[in-house]
Amino acid sequence: MLRPRSRLAAGLAAGLAAGLAAGLALAAAGTGPAAAAPRTGTPDGDGWKVGVFGQRRVQAPAHGGFSRVIYMNDCRPGGCIVVPGTDDSRTNRSSIPQQTSQLDAWPHGDAAWAALVRCVRETYAPFDVQIVTEDPGQASHFEVFVGGDPEDIQLEGALGVAPFVPCGGIIDNVPTFVFANLTDQTDVLCWAVAQETAHAFGLDHVLLRDDPMTYLVPPYRKRFQNQAGACGEELAAPRECWCGGDTQNSYTFLTATFGASELPAPGVTITTPHAGAWVRGGFPVQVALDTLLEMQEVALAVDGTTVTALTAPPFAFNGPADLAPGPHAVRVRAIDQRGLEGEASVAVLALAACGADGACAAGHHCLGGACVPGASAPGGLGATCATGADCGSGQCTATVDDGAACTLPCDDGRRCPGGYACIGDGAGLCWPGGDSGGCGAARGGRGLGDLTLALGLGLGLGAPGLRRPRRRAARA
Ligand SMILES: [Zn+2]
């Protein structure tokens with residue numbers, strides 16, 4: 001029923017639920033006096049559709065015979081000239097415009113373009129398809145023009161458009177369009193680029209709100225879902241898929257068409273806590289994942305026991321609330337959508353609480369209510385350090401005259417354990433040597449007024465900045 005009546009498929013009412021309100025209008029991006037002002041919009045807010053109808057084939061042909069390259073053309077700086085005719089990306093011919101047309105250039109600048117390209121690469125990452133931004137010239141390639149307004153090619157009311165693709169096989173070199181003047185929202189543009197380019201391969205619309213082939217929102221961030229979804233545009237009106245059947249699985253379709261990508265297993269780095277860090281119950285765990293793919297699961301385990309397993313970002317955790325004093329192994333394991341695993345571990349130390357009257361085991365000192373290892377332990381309070389990562393406290397403080405040492409803030413009243421002095425301004429830091437005894441006297445009898453300290457709080461970032469000025473009197 002919802003079938004295109006012409007080679008350019010008819011647009012379909014999106015029927016989108018109310019989501020984000022239309023955003024503020026943006027100023028023209030300085031692409032010349034003729035440039036239309038780009039808008040900050042979403043399909044439900046602004047009343048345009050994400051794209052118009054494409055179709056799918058019943059079966060993908062065997063690999064080969066068509067390109068695995070999608071050229072994202074930003075039409076900068078001067079816009080793109082598109083000539084009406086048989087679809088051919090190599091010669092900028094398209095079946096969609098009725099006359100030779102100029103599409104305005106991408107209006108949102110370099111950073112937004114890079115973000116869009118990154119998003120499209122992530123979206124197609126599971127498949128053996130390359131997203132390029134340099135014109136492949138006469139080499140076979142699919143192409144999406146990203147710029148201008150639908151009116152530039154005699155359309156209206158759609159963020160994107162793809163030509164009719166017959167069932168039964170992929171036609172190479174098919175160009176599609178996304179009209180970037182309509183919105184600056186990366187996720188929305190990325191969704192449209194994915195939908196239009198995939199229409200050119202033969203994918204239909206589905207009623208899966210996380211898949212780019214849908215009209216449904218939210219969310220605006222879409223990735224191809226390895227899940228069969230009913231074909232259609234509105235939840236209330238599922239329909240037969242264009243090339244037959246009631247459902248479509250975009251993911252298996254693209255895998256069957258292009259083959260799976262050969263990306264490595266996800267790279268996992270635990271950024272917090274650092275190796276050797278002192279932790280307490282509920283300590284935060286942060287992770288950096290090096291991958292273009294979606295994660296199936298990212299899980300935190302402590303001492304081999306899973307604490308939390310997350311299936312969607314953000315992948316940030318807290319350690320167990322109850323943590324016995326002593327060493328612990330923190331491990332994060334990531335499983336991507338293909339089932340490939342990556343993991344990382346760090347060893348941390350949970351500090352014991354101080355006993356009555358601040359009692360701690362030998363070699364430890366009571367500070368901040370916890371028994372911290374002293375300067376003789378690697379990374380202990382007062383141990384020599386180069387960066388925060390060298391210190392259990394994560395804090396390496398540099399001075400001009402006295403080198404750098406692992407520090408922690410003094411207790412209230414500028415108190416430090418025996419063998420340490422509270423130095424610096426404000427709450428101060430416990431520094432090896434001397435004994436502040438709460439009186440504020442620094443090592444060697446220096447007054448606090450002499451000291452300006454730098455806090456090296458960042459892990460691995462060194463301890464720049466705070467330097468104790470040399471005392472003029474001492475040099476004179
Ligand atoms: Zn569409």
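The values are calculated or read from the model by the stated rules, or taken from the named source; none is laboratory data. As the structure is a computational prediction, the values presented were derived from the model and not from experiment. Heads up, the Cβs are rebuilt from the backbone with ideal geometry, glycines too, and the neighbour counts pull from every protein chain shown.
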field: Every residue from region 48-86 that is in contact with a Lys or Arg (Cβ under 9 Å, 6 or more places away or on another chain), under 27 Å from Asn249 (Cβ atoms) and modelled with pLDDT of 90 or more
entry: none
query: With (1) of a type in the set (Asp, Glu); (2) modelled with pLDDT under 95; (3) farther than 21 Å from Ser250 by Cα as the list, and Asp172 as the residue in question, which single condition is left unmet?
result: (3)
message: Criterion first (away from the ligand (no atom under 16 Å from the Cβ) and in contact with a helix residue (DSSP H, G or I) (Cβ under 6 Å, 6 or more places away or on another chain)) does Thr255 satisfy it?
response: no
- request: Identify, from the list Leu116, Leu207, the residue that is without any contact (Cβ under 8 Å) to a residue 40 or more places away in the chain and not acidic (Asp, Glu).
  value: Leu207
message: Looking at region 150-165, can you tell me whether even one residue there is small (Gly, Ala, Ser), within 13 Å of the ligand (Cβ to nearest atom), buried (at least 24 other Cβ atoms within 10 Å of the Cβ) and assigned to a helix (DSSP H, G or I)?
response: no
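Matching residues to (1) surrounded by fewer than 16 Cβ atoms within 10 Å (Cβ to Cβ); (2) in contact (Cβ under 8 Å) with a residue 24 or more places away in the chain; (3) not in a loop (DSSP other than H, G, I, E, B):
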{"position": "Leu203", "(1), (2), (3)": "no, yes, no"}
{"position": "Asp211", "(1), (2), (3)": "no, yes, no"}
{"position": "Thr214", "(1), (2), (3)": "no, no, no"}
{"position": "Phe224", "(1), (2), (3)": "no, yes, no"}
{"position": "Gly244", "(1), (2), (3)": "yes, yes, no"}
{"position": "Ala265", "(1), (2), (3)": "no, yes, no"}
{"position": "Ala275", "(1), (2), (3)": "yes, yes, no"}
{"position": "Gln286", "(1), (2), (3)": "yes, yes, yes"}
- line: Restricting region 288-319 to residues that are touching a strand residue (DSSP E or B) at 6+ places or on another chain (Cβ under 7 Å) and without any contact (Cβ under 8 Å) to a residue 24 or more places away in the chain, the one farthest from Ser261 (Cα to Cα) turns out to be Val307
query: So, in region 331-348, of the ones that are modelled with pLDDT under 95 and under 18 Å from the mean Cα position of the chain (by Cα), which residue ends up farthest from Ala309 (Cα to Cα)?
result: Gln337
task: Please go through region 203-215 and pick out each residue that is of a type in the set (A, V, I, L, M) and either within 12 Å of the ligand (Cβ to nearest atom) or at pLDDT below 95 (or both).
output: Leu203, Val206, Met213
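Residue-wise test of (1) modelled with pLDDT under 95; (2) more than 30 Å from Thr197 (Cα to Cα); (3) hydrophobic (A, V, I, L, M, F, W, C).
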{"residue": "Phe258", "(1), (2), (3)": "yes, no, yes"}
{"residue": "Pro284", "(1), (2), (3)": "no, yes, no"}
{"residue": "Thr291", "(1), (2), (3)": "yes, no, no"}
{"residue": "Gly304", "(1), (2), (3)": "no, yes, no"}
{"residue": "Thr308", "(1), (2), (3)": "no, yes, no"}
{"residue": "Phe317", "(1), (2), (3)": "no, yes, yes"}
{"residue": "Pro320", "(1), (2), (3)": "no, yes, no"}
- prompt: Looking only at residues in region 176-191 that are within 19 Å of the chain's Cα centre (by Cα) and assigned to a helix (DSSP H, G or I), which one is farthest from the ligand (Cβ to nearest atom)?
  reply: Thr186
query: Based on what the data block shows, is Glu196 more than 16 Å from the ligand (Cβ to nearest atom), closer than 17 Å to Ile96 by Cα, outside any loop (DSSP other than H, G, I, E, B) and at pLDDT 95 or above?
result: no
message: Kindly evaluate Arg209 against the criterion of being over 21 Å from Glu143 (Cα atoms) and touching a Gly at 6+ places or on another chain (Cβ under 7 Å).
response: no
